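Notes to accompany the following structure.
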Amino acid sequence: MDILVRLHKEGIISPEDQEKLRVHLEKYGDLLELLHEAALLPPGGYSLDYSKGFEMELPHLAKTRCAVRLLQAAATYAALVGDVDGAFHALTTAMAIPRPLQQEDLLISFLVRKACSDIALATLAETLGRITYTDAQLSHFQRFFASEYDPEALANAFITERVFGFEAFNDPARFMNARINWLEEVLPGASLTVVRTANAFGWFTQDRDYYLDSMERLIQAARMPYAEARNAFPDLEAGGGSVLTSLSDILLPALGRVIEANAAYETRLDQGAVAAAIERYRVAQGAPPDHLEALVPGYLDKVPPDPYDEQPLRYRREGEGYVIYSIGDNLADEGGTESPRSSREGDLVFRVHR
């Protein structure tokens with residue numbers, strides 16, 4: 001919602017916007033109740049037809065993200081009116097709703113889980129600046145974020161992606177029509193015939209081998225610490241200039257960037273767990289710690305490492321607030337400064353304003 005975007009940027013909300021937010025939540029009150037009830041159930045799963053490969057229908061992904069956005073609004077509104085339990089209830093539900101996606105070894109499901117976690121973490125940061133959760137509530141947040149990251153999730157998603165890609169090589173024409181549409185304009189129906197004829201004569205054999213080799217390297221890189229993996233996976237930028245573009249040009253280019261997204265995902269979850277530990281310390285001591293080492297061993301076993309350089313996550317108090325940050329993919333410590341242009345520039349920041 002635009003209201004939440006303005007609140008994040010400006011730090012304040014007008015009475016008119018707050019009333020609009022209340023009315024919006026009232027409109028979806030029945031849905032919110034259903035979401036809260038669903039969050040109390042054991043995680044289920046969605047019925048998926050893997051035989052469709054890249055054409056698999058996944059309507060639940062967009063609905064999951066929309067549900068988490070609605071719960072973000074509910075948690076934020078509760079914090080604005082000082083309803084600690086309401087904010088906790090909405091935020092824990094937002095954290096629970098994407099759980100069924102953990103069972104889906106699909107790249108798109110992995111990315112939606114990451115997006116939902118990013119929403120939950122942004123909501124945690126926003127609400128921490130406005131209300132004080134109890135130690136028990138903060139402990140719940142800390143346990144959740146500390147256990148949410150699955151180091152095998154991306155590798156498993158790549159394995160499924162490899163299967164889908166291998167199947168695509170059996171009939172490349174379905175995936176390549178858009179790339180050679182100039183041929184369709186000259187001679188309608190020709191592209192399908194040309195691609196299938198080329199495939200029958202082995203045109204795509206070398207390309208398939210390159211694809212499988214690249215996917216194997218990506219799977220291995222997904223299991224490495226990011227500080228090692230960032231230089232281990234292949235350069236997968238699309239090529240060009242051929243009459244028949246390679247199928248790997250269509251399937252591979254974005255996958256290398258997903259490994260960096262996975263590092264950001266791990267970083268954000270660690271920041272959430274550390275923030276909850278900081279808040280538990282603040283509740284007990286009356287102020288945030290001056291340094292993260294003060295949380296060990298009472299609130300943390302150790303300060304989590306920054307996946308980008310394997311040094312401890314950075315931290316700085318800012319008055320009664322604080323910032324937890326990672327140096328990010330550019331490997332430059334910019335003092336907790338986020339880039340407005342790109343997530344691959346600037347630091348990865350979790351900031352609590354007070």
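State all residues of region 307-343 that are of a type in the set (D, E, K, R) and in contact with a helix residue (DSSP H, G or I) (Cβ under 7 Å, 6 or more places away or on another chain); if no residue qualifies, say none.
If the condition is that a residue be of a type in the set (D, E, K, R) and in contact with a helix residue (DSSP H, G or I) (Cβ under 7 Å, 6 or more places away or on another chain), then 309, 310, 329 are the ones that fit.
Quickly run through region 326-338 and pick out the residues that are assigned to a loop (DSSP other than H, G, I, E, B) and not polar (S, T, N, Q).
Correct list: 327, 328, 329, 331, 332, 333, 334, 335, 336.
Yes or no: region 3-12 includes at least one residue that is in contact with a His (Cβ under 9 Å, 6 or more places away or on another chain), in a helix (DSSP H, G or I) and at pLDDT below 95.
Within region 3-12, one or more residues are in contact with a His (Cβ under 9 Å, 6 or more places away or on another chain), in a helix (DSSP H, G or I) and at pLDDT below 95.
Could you say which residue among 113, 99, 130 is under 28 Å from residue 322 (Cβ atoms) and surrounded by fewer than 21 Cβ atoms within 10 Å (Cβ to Cβ)?
Being under 28 Å from residue 322 (Cβ atoms) and surrounded by fewer than 21 Cβ atoms within 10 Å (Cβ to Cβ) holds for just one of 113, 99, 130, which is 130.
Report, by residue number, each residue of region 315-327 that is closer than 15 Å to residue 264 by Cβ and either touching a Gly at 6+ places or on another chain (Cβ under 9 Å) or hydroxyl-bearing (Ser, Thr, Tyr) (or both).
Selection gives 324, 325, 326.
Please work out which residue is farthest from the chain's Cα centre (by Cα), limiting yourself to region 201-243 and to residues that are at pLDDT 60 or above and among the hydroxyl-bearing types (Ser, Thr, Tyr).
205
I'd like the residue in region 288-315 that is of a type in the set (A, V, I, L, M) and assigned to a loop (DSSP other than H, G, I, E, B) and, out of all such residues, is farthest from residue 125 (Cα to Cα).
Within region 288-315, the subset of a type in the set (A, V, I, L, M) is 292, 294-296, 300, 303, 313.
Next, from what is left, pick out any that are assigned to a loop (DSSP other than H, G, I, E, B): 296, 300, 303, 313.
Details: 296: 22, 300: 19, 303: 19, 313: 17 Å.
This residue is 296.
Residues of region 288-343 being charged (D, E, K, R) and under 22 Å from residue 140 (Cβ atoms), which ones?
Correct list: 301, 302.
Any residue in region 316-325 that is more than 26 Å from residue 130 (Cα to Cα) and either touching a residue at least 12 places away in the same chain (Cβ under 8 Å) or assigned to a loop (DSSP other than H, G, I, E, B) (or both)? I'd like the intermediate steps shown before the answer.
Initial filter on region 316-325 (more than 26 Å from residue 130 (Cα to Cα)): none.
No.
The values are calculated or read from the model by the stated rules, or taken from the named source; none is laboratory data. Being a predicted model, the structure only gives us computed values, none of them experimental. Neighbour counts are summed over all protein chains in view; Cβ atoms, including those assigned to glycine, are modelled from backbone coordinates with ideal geometry.
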